[in-house]
Amino acid sequence: MKNSCTNSDIFKMMERWAPKSLAYDWDNVGLQVGSYNNKVKKIMVTLDVLESVVDEAIQKKVDLIIAHHPLLFKPMKEVNFDTPKGKVIRKLIENQITVYAAHTNLDIAAGGVNDMICRSLGINESNILIESSSLKLYKLAVYVPKTHVETVRNGLSESGAGHIGNYSHCTFQTEGQGTFKPLEGTEPFIGEKGKLEYVAEQRIETIVPENRLELVIKAMLAAHPYEEPAYDIYPLINSGEKFGLGRVGILQEKMKLEDFCEHVKNAFDMESVRVTGDLNKKVSRVAILGGSGEKYIHQAKHKGADVYITGDMSFHMAQDAWQMGLAVIDAGHYIEKVMKEATATYLKDTLEEESLDIIVSDTNTDPFQFI
């Protein structure tokens, strides 16, 4: 990392974890207000971007806010400084604070919000609740002189190529003979200008996920000794890693629904939750969807869940779940606050820039109080 990094550098780090391509098409992720090119020294992670959060950022001299919920979600026809959102935008611009949002892409990403919730509750062996996409795969084939096969192969593997299931460094080599004639203006690694050269080479083939393709090509070119390496990229029909909303997993031990509700409250520091179902029933298989997940009760039931944890459950949908024998815990939207510490930790672990300060917002943005 450079001594002074830009917002764009941080955006790229976030998108290596939660690519924008994972977001639903109705979502608005990425830059919300501000600049790609501004230098950044202090980052604050928050769930929401309300005026109180921006005031905290101003007071703490923050350059970049990373939020889960987008500030700009629905199209705006005007920026009226007399409205709550207009006031927020004005303060951000006047104080040169940039806002970036990772929403459904961070929900869906491996290690994202729903996985964070699973970890908080001690839920194991989790799988996707609603599959939304799968990673596109490519095959990369590059021709390398025998003297540099190991160097290039390691460069490919260490940059993210060659992963199949729980195996890494997966490649295939075939031997052959390459020919080329260096022309004027070249500085060949092997051979002489104007003379046809015959070289013992190996063709290295490996599989590359779409989100690593650019990095893998850069690593391959850096490791390859030739001025102009020959390589091919083929799109594949077979799909890679699957992505989707929500998770379904197993509790470490069965417990009564009533006790599990207490477990949820303790995990997320909550005063109460809303629940449907028999409180004495033992539960072990749990479905989770952070945010508003009422329309996915049928998927939770189909995946064999005993209980479904989500937020914003309406009366009739809760009633439907109750009648189909699926217990529901409406823990509210605010349990997604787990993303704050986890995102800050990810950035601290990823960044090499020691002088960059990363903090978590102290502002409570939950609109609900319980009396």
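The values are calculated or read from the model by the stated rules, or taken from the named source; none is laboratory data. Note that the structure is a prediction, hence the values are computed from the model and not measured. A quick note on method: Cβ atoms are made from the backbone with ideal geometry, for glycine too, and the neighbour counts reach across all protein chains shown.
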Counting only residues that are more than 17 Å from Leu215 (Cα to Cα) and touching a residue at least 60 places away in the same chain (Cβ under 8 Å), the range 5-20 contains a total of 2
Quick count over the range 137-183, residues being more than 16 Å from Glu205 (Cβ to Cβ) and part of a strand (DSSP E or B), is 4
Take the residues in the range 239-277 that are at pLDDT 95 or above and among the basic types (Lys, Arg); name whichever of them is surrounded by the most Cβ atoms within 10 Å (Cβ to Cβ). Arg247
What are the residues in the range 341-371 that are more than 30 Å from Lys301 (Cα to Cα), in contact with a Leu (Cβ under 9 Å, 6 or more places away or on another chain) and not β-branched (Val, Ile, Thr), if any? Leu347, Lys348, Leu356, Ser361
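Does Ile93 fit the bill of being surrounded by fewer than 17 Cβ atoms within 10 Å (Cβ to Cβ), out of contact with any Ser or Thr (no Cβ under 8 Å at 6 or more places or on another chain) and either under 29 Å from Phe268 (Cβ atoms) or assigned by TED's automatic domain parsing to the domain that holds Met14 (or both)? Before you say what the answer is, go through the steps one by one.
Working: surrounded by fewer than 17 Cβ atoms within 10 Å (Cβ to Cβ): yes; out of contact with any Ser or Thr (no Cβ under 8 Å at 6 or more places or on another chain): yes; either under 29 Å from Phe268 (Cβ atoms) or assigned by TED's automatic domain parsing to the domain that holds Met14 (or both): yes.
Taking the combined requirement at face value, the residue satisfies it.
Yes or no, residue by residue, for (1) within 29 Å of Arg16 (Cα to Cα); (2) out of contact with any Asp or Glu (no Cβ under 9 Å at 6 or more places or on another chain); (3) loosely packed, with under 13 Cβ neighbours inside 10 Å:
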{"position": "Val328", "(1), (2), (3)": "no, no, no"}
{"position": "Gly332", "(1), (2), (3)": "yes, no, no"}
{"position": "Glu336", "(1), (2), (3)": "yes, no, no"}
{"position": "Thr350", "(1), (2), (3)": "yes, yes, no"}
{"position": "Ser355", "(1), (2), (3)": "yes, yes, yes"}
{"position": "Asp362", "(1), (2), (3)": "yes, no, yes"}
{"position": "Pro367", "(1), (2), (3)": "no, yes, yes"}
{"position": "Phe370", "(1), (2), (3)": "no, no, yes"}
Just to be sure before I move on: is Glu210 closer than 29 Å to Ser168 by Cβ and of a type outside the set (S, T, N, Q) in the structure I sent? yes
Exception for Ile58 within (1) in a loop (DSSP other than H, G, I, E, B); (2) more than 21 Å from the chain's Cα centre (by Cα); (3) surrounded by fewer than 23 Cβ atoms within 10 Å (Cβ to Cβ); (4) at pLDDT 95 or above falls at (1)
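Do you know which residues across the range 287-302 are in contact (Cβ under 8 Å) with a residue 40 or more places away in the chain and on the phi < 0 side of the Ramachandran plot?
The answer is Ala287, Ile288, Leu289, Gly290, Ser292, Gly293, Tyr296, Gln299, Ala300.
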Only one of (1) more than 23 Å from the chain's Cα centre (by Cα); (2) basic (Lys, Arg); (3) surrounded by 17 or more Cβ atoms within 10 Å (Cβ to Cβ) fails for Arg212. Which number is that? (1)
Being at pLDDT below 95 and of a type in the set (Ser, Thr, Tyr) is the filter; apply it to the range 307-365 and report the residue that is farthest from Ala102 (Cα to Cα). Ser355
Got a sec? Which of Met313, Met317 is part of a helix (DSSP H, G or I) and more than 23 Å from the chain's Cα centre (by Cα)? Met317
Whether any residue in the range 232-251 is under 30 Å from Gly185 (Cα atoms) and either more than 28 Å from the chain's Cα centre (by Cα) or not aliphatic (A, V, I, L, M) (or both) is what I want to check. yes
Here are Gly191, Gly185: which of them is over 30 Å from Ala18 (Cα atoms), surrounded by 12 or more Cβ atoms within 10 Å (Cβ to Cβ) and modelled with pLDDT under 95? Gly191
Residue among Asn105, Asn127, Asn80 that alone is surrounded by 18 or more Cβ atoms within 10 Å (Cβ to Cβ) and either touching a helix residue (DSSP H, G or I) at 6+ places or on another chain (Cβ under 6 Å) or not in a loop (DSSP other than H, G, I, E, B) (or both): Asn105
